[in-house]
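Okay, structure first, notes after.
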Amino acid sequence: MPKLILFNKPYGVICQFSPSPPHQCLADYVSVKAVYPAGRLDTDSEGLLLLTGDGALQHKITDPKHKLVKTYWVQVEGIPDDAALAALRAGGLDLGDFKTQPAEARLIEQPELIWPRVPPIRERAAIPTSWLEIKISEGKNRQVRRMTAKVGYPTLRLIRYAIGAYTLDDIELGKWIEMSVPAVHVPTPKPAGKPKQRGRRGPNKVR
């Protein structure tokens, strides 16, 4: 059975195994060989990163057609109003290079699972912060940050809690767990049939 690594990525860790000073890399935390990220997580984002060495499983996790829902906990500047939440949910936010699909978005209390960030976020004394839970099935570049900024509430901290059924539950910051998952069936392409040959017509007969 293919192996899947669930890693709770800290802030500032780059999603590659090769060193990239001044950032830490995956090799500083994950000792398993021949696994690779199934999808990306920005250096300044935290939380769940999936890694595997199985190509079919990696494709299933990352291919948009499978629509694995990604759940994010997002700390934003300010307290989003009903109009901002409705805009996030409705989709169609024009982010320049694409328009968003409908999302799930709601205000939440700070989750108990949250750990202190190092370094801490920059807060302004006169402006409160709040937490959102946002669920999307897309995965464009810095999409969640761009979505909250578009509706007027910049993201201060971004934590990916879940990808599909895989979550951060019981995984401490900077730690990982390994699990075996069912093999992904990849249909074997059918061999292309030989093109039908049309019969040659003989010369026209003169009547």
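The values are calculated or read from the model by the stated rules, or taken from the named source; none is laboratory data. Keep in mind that this is a model prediction, so the values were computed, not measured. FYI the Cβ positions are ideal-geometry reconstructions off the backbone, even for glycines, and counts take in every protein chain you see. All accessible areas refer to the heavy atoms of the entire protein, side chains included, with ligands and DNA or RNA removed. Shrake-Rupley method; radii C 1.70, N 1.55, O 1.52, S 1.80 Å.
Brief remarks on what is shown
- Local net charge near GLU46, Cβ-Cβ under 11 Å (Lys/Arg +1, Asp/Glu -1): +2
- Count Lys and Arg as plus one, Asp and Glu as minus one, and take only other residues whose Cβ is under 11 Å from that of VAL181; the net charge is then 0.
- In the chain, helical runs assigned H by DSSP with n ≥ 4 each contribute -39500 (n - 2.57); averaged across all residues and rounded to the nearest 500, the mean residue ellipticity at 222 nm is -3500 deg cm²/dmol.
- Relative contact order for the chain: 30 percent, from Cα pairs under 8 Å spaced at least 6 residues apart, divided by residue count.
- Sparsely packed trypsin sites (Lys or Arg not before Pro) within region 90-127, loop by DSSP, other Cβ within 10 Å at most 14: ARG122, ARG124
- Label-zone membership for region 118-153, site THR43, 7 angstrom Cα→C-beta point, backbone N under 20 Å: 118-122, 140-146
- Carbon plus sulfur fraction of accessible area for the chain, probe 1.4 Å, in percent: 52 percent
- Distance between the modelled labels on GLU133 and ALA83, one decimal in nanometres: 2.7 nm (7 Å Cα→Cβ projection).
- Virtual spin-label span in nm between TYR36 and LYS150, 7 Å along Cα→Cβ: 3.0 nm
- Theoretical gain in end-to-end length, GLN16 to ASN141 [0.36 nm per residue, Cα-Cα removed]: 43.3 nm
- Summed residue charge, Cβ within 11 Å of GLU123's Cβ, Lys/Arg positive, Asp/Glu negative: +2
- Under DSSP loop assignment and at most 16 Cβ neighbours within 10 Å, longest GluC sites (Glu not before Pro)-free interval of the chain: 1-108
- Given LYS9/LYS140; LYS3/LYS33; LYS9/LYS99; LYS33/LYS60, the pairs whose alpha carbons are separated by over 23 Å: LYS9/LYS99
- Candidate cross-link partners of LYS65 among the aspartates and glutamates, defined by an alpha-carbon separation under 13 Å and a same-chain spacing of 8 or more, comprise GLU138.
- Accessible surface computed residue by residue for the chain, with neighbouring protein chains in place and a 1.4 Å probe, gives 63 Å² per residue.
- Low-density loop positions, chymotrypsin sites (Phe, Trp or Tyr not before Pro), region 46-109 - DSSP coil, at most 15 other Cβ in 10 Å: PHE98
- Residues listed by number, region 27-54, amide nitrogen under 12 Å from THR167 label point at 7 Å toward C-beta: none
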